[in-house]
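Here the structure comes first, spelled out in structure tokens, and everything after it is commentary.
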Amino acid sequence: MNARNVLLGDIPLLITSLEETIPLVPTLGEVDTILLPVEPVWGAKYPLPGVIRLSVGIERIEKLKGWIGEALENM
């Protein structure tokens with residue numbers, strides 16, 4: 001499965017799959033890569049339900065590709 005095939009209902013599964021390597025946190029003030037669910041934080045201002053923000057930090061790109069690719073494959 002690739003990122004374009006992830007359905008909006010699969011977003012919680014993607015977040016769960018990544019939680020050990022990319023934490024879900026309520027702030028974007030970190031230097032590490034984090035996930036942020038947009039709708040619960042900003043509400044109706046962003047009308048696309050299920051959207052997540054991936055804030056890329058200082059990790060090596062190879063690690064990020066591996067973590068995200070593995071999470072998508074396990075969905």
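The values are calculated or read from the model by the stated rules, or taken from the named source; none is laboratory data. Keep in mind the model is a prediction, meaning the values are calculated, not measured. Please note: Cβ atoms are built from the backbone with ideal geometry, for glycine as well, and neighbour counts cover all protein chains shown. Ligands, DNA and RNA are stripped out before the accessible areas are found, and what is left, the full protein with its side chains, is counted by its heavy atoms. Shrake-Rupley method; radii C 1.70, N 1.55, O 1.52, S 1.80 Å.
How much net charge surrounds LEU14 when only other residues with a Cβ under 12 Å from its Cβ are counted (Lys, Arg +1; Asp, Glu -1)?
That sum, taken over residues with Cβ under 12 Å, equals -4.
What is the sum of charges, Lys and Arg at +1 and Asp and Glu at -1, for the other residues whose Cβ falls under 14 Å from the Cβ of LEU54?
On the way: positive: ARG53, LYS63, LYS65; negative: GLU19, GLU30, ASP32, GLU59.
With Lys, Arg at +1 and Asp, Glu at -1, the neighbours total -1.
As a test question: what accessible area, to the nearest 10 Å², does LEU72 have when a 1.4 Å probe is rolled over all protein chains in place?
My reading of the accessible area for LEU72 is about 20 Å².
Roughly how much of ASP32 is accessible, in Å² to the nearest 10, using a 1.4 Å probe?
The accessible area of ASP32 comes to roughly 70 Å².
What is the dipole size for segment 14-75, taken about its Cα centre, with +1 at each Lys and Arg Cβ and -1 at each Asp and Glu Cβ, in debye to the nearest 20?
Charge dipole, segment 14-75, about its Cα centre: 260 debye, nearest 20.
Once the other residues with Cβ under 14 Å from the Cβ of GLU30 are scored (Lys, Arg +1; Asp, Glu -1), what is the net sum?
Residues close to GLU30 contribute a combined charge of -1.
Once you put a point 7 Å from the Cα of THR21 and another 7 Å from the Cα of ARG53, both along the Cβ direction, what distance in nm separates them?
Taking the two extended label points, one gets 2.3 nm.
Given a 1.4 Å probe and heavy atoms of the protein chains only, how would you sort ILE52, ILE34, largest accessible area at the top? Show your work: numbers first, answer last.
Details: ILE52 45, ILE34 5 Å².
Listed by decreasing accessible area, they come as ILE52, ILE34.
Sorted by accessible area with a 1.4 angstrom probe, largest first, how do ILE58, ILE11, ILE68 fall?
From most exposed to least exposed: ILE58, ILE68, ILE11.
Considering only protein heavy atoms, with the full assembly of protein chains and a 1.4 angstrom probe, order THR16, THR33, THR21 by accessible area, largest first.
THR16, THR21, THR33
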